[in-house]
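Heads up, the thing below is written out as structure tokens.
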Amino acid sequence: MIKVGFDISQIIHPGGVAGYTKNLASELQKNPELEMIFFFSALRKSYRGGLKNVKKFRLPPSLFEVLFNRIRNVGIEKFIGPLDIYHSSDWVQPPSKAKKVTTYHDVIPLKYPQWSNPKIVAVHKRRLKIVQREIDKVIAVSNSTKNDLMEMTGLKNDQIKVIYEGVSGIFKPASGKEIAEFKKKYNLPGEFILAIGGTGERKNLKRIKQAAKDYNLVTTFEDITVSDEELPVLYSSARCLVYTTLYEGFGLPILESMACGTPVITSDVSSMPEIAGQAALLVNPADEEEIKKSIRRILNDKDLNSELTEKGFRRAKEFTWQKTAAETFQVYKNLMK
């Protein structure tokens, strides 16, 4: 039995890191060869998930950042007890007598500091120094992220293991009735193109909006905010997903959309070609005209639409959280040898 401490504090923030943390923790907990102890810290939000053995602390992550990344005189064991392995989040790197694993989702604050708050950039720089010095294994969610890490740090090839994220089982095509009710509930047009919103220029929304100006464009966080449970119906309702961001460490919406039977247009940069494979239309995200042409192709070419839908279903099935958890468990086992 391997005793693993796992930081789940990131689940309170919406986005891909929360999804990764929640799904991986849930799968690892099912493994009879692991004793999982979960560390959760938040000041304003309490833990409401279904994990067992969660050690909760009503303290802000900013306090733990100072304690674990700067002062560093108290180990994680003081909070969650003795461990064989500690799997940290992408925010704090506490001292520990255990073997140390961490996951890197992307290197945005390091590679593109102009897209991040200076305080966040400072935290990631501090933490990265500790990671390079102390970590036993880094998990990168794509080869693109691994290559970025090696390019920007002293980390070597054998220190980083690529383990892809998974697609949750809830992502599947919605029924016609579900789609009709969903569109009515949110007052959505009969036909629309979907884009994923967010703050800053990384999501490339200016170009997407311009490229889609002749069509109905619905953008998450701007035009519509849905629960995680409603996301599959949102994807299923769209004619296509335009996910032409400027950089992604993984790009889970690509696979989620594919699993719902919705064709995808995505970028030919960073991790996106790696994740999409041959199952999406790839474009230069800086070329507005190219995005526009791809939208037109998908909306007007039924054969292309069917081909991308079929390829998308097959591609999405290659990525499961069970597989992510099995490969993560293997990392733990190898460290215990």
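The values are calculated or read from the model by the stated rules, or taken from the named source; none is laboratory data. As the structure is a prediction and not an experimental result, all values here were calculated from the model. Note that we place each Cβ from the backbone using ideal geometry, even for glycine, and neighbour counts take in every protein chain shown.
Residue by residue, here is whether (1) more than 27 Å from residue 106 (Cα to Cα); (2) assigned by TED's automatic domain parsing to the domain that holds residue 145; (3) buried (at least 19 other Cβ atoms within 10 Å of the Cβ) holds:
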site	(1), (2), (3)
258	no, no, yes
262	no, no, yes
270	no, no, yes
273	no, no, no
277	no, no, no
281	no, no, yes
293	yes, no, no
297	yes, no, no
304	yes, no, no
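One line per residue, one yes/no per condition, for (1) of a type in the set (Ser, Thr, Tyr); (2) over 18 Å from residue 15 (Cα atoms); (3) without any contact (Cβ under 8 Å) to a residue 60 or more places away in the chain:
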position: 221; (1), (2), (3): no, no, yes
position: 225; (1), (2), (3): yes, no, yes
position: 250; (1), (2), (3): no, no, no
position: 254; (1), (2), (3): no, no, yes
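Would you mind stating whether residue 130 is surrounded by fewer than 16 Cβ atoms within 10 Å (Cβ to Cβ) and part of a helix (DSSP H, G or I)? No, not satisfied. The set of residues from segment 138-183 being surrounded by fewer than 19 Cβ atoms within 10 Å (Cβ to Cβ) and part of a strand (DSSP E or B) comprises 161, 162. The residue that is surrounded by the most Cβ atoms within 10 Å (Cβ to Cβ), among those in segment 306-329 that are outside the structural domain of residue 257 (by TED's automatic domain parsing) and in contact with a strand residue (DSSP E or B) (Cβ under 9 Å, 6 or more places away or on another chain), is 328.
Apart from one condition, residue 239 fits all of (1) in contact with an Asp or Glu (Cβ under 6 Å, 6 or more places away or on another chain); (2) of a type in the set (D, E, K, R); (3) closer than 24 Å to residue 163 by Cβ; the exception is (3).
Among the residues of segment 104-145, those identified as more than 24 Å from residue 246 (Cβ to Cβ) and out of contact with any strand residue (DSSP E or B) (no Cβ under 8 Å at 6 or more places or on another chain) are 126, 129, 130, 132, 133. Among the residues of segment 35-64, those that are polar (S, T, N, Q) and assigned to a loop (DSSP other than H, G, I, E, B) comprise 46, 53.
Taking every residue in segment 56-79 that is over 23 Å from residue 125 (Cα atoms) and pairing it with any residue that is of a type in the set (A, V, I, L, M), at least 6 positions away or on another chain, the pairs with Cβ-Cβ distances below 9 Å are 56/42; 57/42; 58/42; 58/43; 77/83; 77/98. Number of residues in segment 32-48 that are within 22 Å of the chain's Cα centre (by Cα), surrounded by 14 or more Cβ atoms within 10 Å (Cβ to Cβ) and farther than 16 Å from residue 88 by Cα: the value is 1.
Comparison of 292, 333 shows that the only residue that is farther than 24 Å from residue 212 by Cβ and out of contact with any Lys or Arg (no Cβ under 6 Å at 6 or more places or on another chain) is 333. Only one entry of 19, 15, 5 meets the criterion of being more than 19 Å from residue 335 (Cα to Cα) and surrounded by 14 or more Cβ atoms within 10 Å (Cβ to Cβ), and that entry is 19.
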